[in-house]
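Notes to accompany the following structure.
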Amino acid sequence: MSRRLPSSERTRLDPFVIATGDASSRDQRDLMERPFFSLAKSRRTVPILYEAGEVRVEVFAVPQHGMATIWDADILIWAAGQIVEAENLGLGTSRFLRFTPFHLLTAIGRETGASDYKLLKAALARLQSTSIRTTIRNGEHWRRHQFSWVNEWEELTRHDGRVEGMELVLPDWFYRGVVDRSLVLAIDRAYFRLKGGIERWLYRVARKHAGRQPQGWVFDLQHLHEKSGSLARVSDFALQIRRIAARQPLPGYCLRIEHDGGREMLRILPAHLSTGPVGNPVETIGRSHARTIGRSHAGPSGDHTQRHQLTLWPDTTIPGLNLESNNNTNFKGRAREVDNLIRDAARSLSVAAKKSVPFAPQRAAASDDADTSAADTPRLPLDPPGGRR
């Protein structure tokens, strides 16, 4: 008797279809504060073992792929931004993401050549093969949670070998940390332009701890080294921090080296910040300045404008706007009804005006039988008598 293989996790999840990369970047607080990623581009297999009070983080890598790096974490930042953006708009989300690699790469500031697609797949392999054990956000009785950054992923290719779509499943630990809005922070898009691993990690620490506090935050360099998980010696790590402070590359923050007796300290002060608080709700459809759904180049996740790029998935598997029902068509229908009501009202006003003027010129009478133009449509006064508001 043949053994029945377990079904893929994707078969038990509703797909969250991402059809645009245009969403504010968001980072998960736990990932910003603790050492979860390698800060070096070279392959790392030495585990990260970090403990502070009751918090413990253990990260393990396999020799074939190495540990997931802080550059690989850009994929998680992108995914978090898409999930938060969709929930702001009232759209359904899921741990099961469908997307085009082009959208992902452009959103995190990468090129889209053949080599970049290979690097993306290598990053997904490291995220999947890296194993994390942590006590962060565990319940009263469950003391340790173990997972990988990506449960599974798959690429969809055409016959010519071109990658047209991708799917991935995020771990529940990460997904729950994103949908809980108190555990997410907006980050500056300029973060993706930071080149060094330590300066990238330092920005996330600054955003998490210093935030927008006028007095900023102060770290002992020894303590900062422990929080980083870096394999560099403390003296080398301190030297790199001094060099970063001299260059001031962090968007929105200023770094200052201070001394307290024999201890060397780093003070992080907020400068001009371009990011807004993540807790601010995005305005919904129909409000002033709100992004509308169904228009060309629209930003919200799940927009239909890019469906042609997801042709490898059957239409029945792509829910419109990630909603249980597609309100886009209803929205357009209501808009047409409003337009018709406006035209009917305009014609009625025009006929009434004609009856009140019995000797109207023949040319004006002829125009009443034609469709009312924008110039002939009666307009409500925008300003009160006597001047502007």
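The values are calculated or read from the model by the stated rules, or taken from the named source; none is laboratory data. This one's a predicted model, so the numbers in the text were calculated from it and none came from an experiment. Side chains included, ligands, DNA and RNA excluded: accessible areas come from the protein's heavy atoms. Shrake-Rupley method; radii C 1.70, N 1.55, O 1.52, S 1.80 Å.
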Open item on the list: At 1.4 Å probe radius, can you tell me the per residue accessible area of segment 1-130 in Å²?
Closed with: 43 Å²
- [ ] Return the tail of the calculated pair distribution for segment 80-143, meaning the percent of Cα-Cα pairs more than 14 Å apart.
- [x] 72 percent
TODO: May I ask you to compute the full-extension gain from R189 to E152, defined as 0.36 nm times their residue separation minus their alpha-carbon distance, rounded to one decimal in nm?
DONE: 10.6 nm
Task: H259, H103, H145, H223, reordered so the largest accessible area comes first (probe 1.4 Å) - done: H259, H223, H145, H103
Open item on the list: Shape verdict for segment 130-212, please, from the Cα gyration tensor: rounded (a/c under 1.5), prolate (a/b greater than b/c) or oblate.
Closed with: oblate
- [ ] Return the subset of K121/K208; K121/K227; K118/K208; K118/K195 for which the Cα-Cα distance in this structure is over 25 Å, preserving the input order.
- [x] K121/K208; K121/K227; K118/K208
- [ ] Run the accessible area of segment 187-259 with a 1.4 Å probe and give the carbon-and-sulfur part as a rounded percent.
- [x] 54 percent
Open item on the list: If DNA, RNA and ligands are ignored and the probe is 1.4 Å, what is the ranking of W153, W201, W71 by accessible area, most exposed first?
Closed with: W153, W71, W201
- [ ] Would you mind telling me the share, in percent, of accessible area of segment 97-182 contributed by carbon and sulfur at probe 1.4 angstrom?
- [x] 48 percent
TODO: Just the number, please: carbon plus sulfur as a percent of the accessible area of segment 31-86, 1.4 Å probe, no ligands or DNA/RNA counted.
DONE: 52 percent
- [ ] For segment 140-206, report the accessible area per residue in Å² (1.4 Å probe, heavy atoms, rounded to an integer).
- [x] 47 Å²
